[in-house]
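J.: Below: one structure in structure tokens.
The values are calculated or read from the model by the stated rules, or taken from the named source; none is laboratory data. Since we're looking at a predicted model, the values are computed, not measured. Don't worry about glycine lacking a Cβ; one is built from the backbone with ideal geometry, like all the others, and counts go over all protein chains shown. Only protein heavy atoms, including side chains, enter the accessible area calculation; ligands, DNA and RNA are left aside. Shrake-Rupley method; radii C 1.70, N 1.55, O 1.52, S 1.80 Å.
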Amino acid sequence: MSYKGFINCNSRVSKEEQEFYDLKMKAAEYYRANGVPQKMEGVLNDMFFDKPDDIYGYLANYFSKLSSPPVISRLLGKEIYDGKGQLSLQAQVLCIIKNEEKTTCSAVISSHSEVLDNSFQDPSGVTNINNDKRRDSVMAALHWIHESLNTILNGSDPCDQTGVDKILSDFFVARYLEDQDIRNREKENQPPSVPVPEASPPTAPPKDKKGGDKGKKGNSTEKPIPPPEPSELVLPGSMAVGSVSLAVAKTGALLQCIPLYKYIKALRNQQPCPKEMHIPVPLVTLLSCGKMSPGKLNLLEEIIVIPKAGQRLKQIITMVLKLQKEMMKIMNTASKTGPVLPTVSDSGALVVGYERPEQPLDLITEASNNLGLALGKGIHLAVNCAAHNLMDYPKGKYEVITGTPKSPDELVDMYEALISKYPAVVALIDPLRKEDVEQWERLSSVVGASCSLLSDISSKPQCHSSREDAPSLPGVRGYILNQSNEITVTDLIHVTTENKGAVIIGTTCGEPCSDDALSDMVVGLGVGYVKLGGLSRGERLTKYNRLISIEEELAQQGILDSRKQHTSPLFVGETEEQSST
């Protein structure tokens, strides 16, 4: 009966009845406008024929498909402590999902501190400076998240990774340019400083009576070294960009009910459901002999095992652990002061102190022979030289061994002799400073046929490092990069697909981050190799364990492809046979 008919039949209608009737009419119109009656009729008819055991679960699933897509409602930043006890940042993403706000995912990434020249500073003072700068950076990141990023990402689609990362990158570039403008204006307002005389180039060695050079070795000549390029400081707060990007990627994977590695793979290939996926070959750090080791040898910061491609991860890890155990046995036998107390470096590897670069390589060779491992065939070695940390600028030489500095040309001669004696070493990481271009070219010409030159660009944070091609150095075959500071997920996808050289995704040398998302990232990005450090320290083993879990999942699903290497051979001597199962 209509409202007018109701009035005619009952001339006396209370105000409450009239208001109630009007309310029902408004409700009916609201439901009709949104198509609710038709949807209800459709689901009830379908459910009657399907006759599900869980009626309300059936209804919930039906209507969840009709709900509005999730949107980002808020971002939260939290102060946390990382694996080294340093203050760090955790980014959380909250979304409106089915009309309710829910916390979805959080992420923590590594962050490079501001570059400090601590060659002549007291270590305790450097630590205090770094801690203060670290706190300032975390506080700035929290401010970015809670203020600016919280506002500009509100209402964004968490499954639109490209769109979100574009917003994050544009925001960072704007902050970076603002910071540069402030620095430039401060420099203009500062009084002129007293010029500091540059270090004089090394003098030529004295000549003996016959005209020869005393103590001169090889055919190297003393030259003024190129000065270091100005270090670009990490912008305080930049870790907010990378951590929010990763948290959004995790959220997108969660909402689509797929693992993060498949989500990243779909973003990279622009298509869902990959038919086959492979696990990158892990480059496992075996020994640390750098400046922090007790011996005089400073050069070999890391000695890394390169296992044969096509093996399962558990096989590789078991093999490396046996190799470590055998090396400890050899060192204990040779020790004249009793059992050697093992020390673990930040890279998660055994720390050994030696006087010459041949000694740790001899140790690995002996341990491999004792175990029947084919060093140079079944497994190879890489050496992270980290030479940029060894330059003594007043002397103009590399402090390769304490008390035995070497010029850039002498260092090239040393590498040539080392590779000749130990052919199992098939890669050198950062063997020289990037400024020594002439020596890079010469080193490539003398060892390039048997040894690959790699450059770690993770330790050189730059504003646009992830959006441009990696720096060009003569003879460099590949680059090592990780997600830190302002590098977004989209940046990593770009650099691994567009860069001309091979890209190895890795952790920072002192990796403090216990988030295992990097393992998903490297599988999704489809890189050939991953550098995670040694087999000690929880922040590194969580990543190895996650890789093992992913490998097992892919094998169970029948999409694990271990038959071939998916990138062109990076290390000299790799063949299709070595890369096959």
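J.: Across region 233-273, what fraction of all alpha-carbon pairs, as a whole percent, falls in each successive 10 Å bin from zero upward?
T.: Reading the bins upward from 0: 28, 42, 21, 9, 0.
J.: When only DSSP loop residues count, what trypsin sites (Lys or Arg not before Pro) in region 356-423 have their Cβ near at most 14 other Cβ atoms within 10 Å? Mind dumping the intermediate values first?
T.: Numbers: sites: K377, K395, K397, K406, K421; in loops: K377, K395.
Counting only loop positions with at most 14 other Cβ atoms within 10 Å, the trypsin sites (Lys or Arg not before Pro) in region 356-423 are K377, K395.
J.: In whole Å, how far is the Cα centre of region 393-417 from that of region 14-54?
T.: Centre-to-centre distance over Cα atoms comes out at 83 Å.
J.: For region 324-333, just list the computed ³J(HN,Hα) in residue order, Karplus coefficients 6.51, -1.76 and 1.60, θ = phi - 60°, integers in Hz, with x standing in for Gly and Pro.
T.: Couplings: 4, 4, 5, 5, 4, 5, 5, 5, 5, 5 Hz.
J.: So, taking all protein chains as they sit and a 1.4 Å probe, how much accessible area belongs to R135, in Å² rounded to tens?
T.: Approximately 110 Å² of R135 is accessible to the 1.4 Å probe.
J.: May I ask you to rank H143, H388 by accessible area, largest first, using a 1.4 Å probe over the protein chains only? Before the final figure, lay out the partial values.
T.: On the way: H143 110, H388 65 Å².
If we order H143, H388 from most to least accessible, we get H143, H388.
J.: Something else: Filter the GluC sites (Glu not before Pro) in region 237-311 to those in DSSP coil with at most 12 other Cβ atoms within 10 Å of their Cβ, and list the result.
T.: On the way: sites: E276, E301, E302; in loops: E276, E301.
Qualifying residues, ordered by number: E276.
J.: Which value results when the Cα radius of gyration for region 127-173 is divided by 2.2 N^0.38 Å?
T.: On the way: Rg = 13.8 Å, N = 47, 2.2 N^0.38 = 9.5 Å.
Cα-based Rg divided by the globular estimate yields 1.45.
J.: Could you work out the pair-distance distribution P(r) of region 335-396 from its alpha-carbon pairs, with 10 angstrom bin width and percents rounded to whole numbers?
T.: 15, 39, 33, 12, 2
J.: Moving to a separate point now. Sort D22, D456, D132 by heavy-atom solvent-accessible area, probe 1.4 angstrom, most to least. Don't skip to the answer; put the middle values down first.
T.: Values: D22 65, D456 20, D132 95 Å².
Descending order: D132, D22, D456.
J.: Report the per residue volume, in Å³, of the convex hull enclosing the C-alpha atoms of region 15-106.
T.: 186 Å³
J.: Let me ask something else. Quick one: accessible surface of S156, probe radius 1.4 Å, all protein chains present, in square angstrom to the nearest 10.
T.: Accessible area, nearest 10 Å²: 20 Å².
J.: Now, a different point. Beyond a 25 Å Cα-Cα separation, which of these cross-linked pairs lie in this structure: K336/K421; K51/K275; K39/K98; K39/K262; K65/K250; K265/K434?
T.: Working: K336/K421 28 Å; K51/K275 36 Å; K39/K98 17 Å; K39/K262 34 Å; K65/K250 21 Å; K265/K434 33 Å.
Too far apart for the 25 Å limit: K336/K421; K51/K275; K39/K262; K265/K434.
J.: Here's a follow-up. Could you run the Karplus curve 6.51 cos²θ - 1.76 cosθ + 1.60 with θ = phi - 60° over region 235-251 and give me ³J(HN,Hα) per residue in whole Hz, x for Gly and Pro?
T.: My calculation for region 235-251 gives 6, x, x, 5, 5, 5, 5, x, 6, 5, 4, 5, 4, 5, 4, 4, 5 Hz in order.
J.: Just how much of D170 is accessible, in Å², when a 1.4 Å probe is used and the result is rounded to the nearest 10?
T.: In the full protein context, D170 sits at about 80 Å².
J.: Sorted by accessible area (1.4 Å probe), largest first, how do E326, E511, E41 line up? Spell out each step's value before the answer.
T.: Working: E326 30, E511 5, E41 115 Å².
Per-residue accessible area, sorted high to low, gives E41, E326, E511.
J.: Within straight cross-link reach of K133, meaning Cα distance under 20 Å, which aspartates and glutamates are found once same-chain residues fewer than 8 apart are removed?
T.: Cross-link targets: E79, D82, E114, D117, D122, E178, D179, E186, E232, E486, E511.
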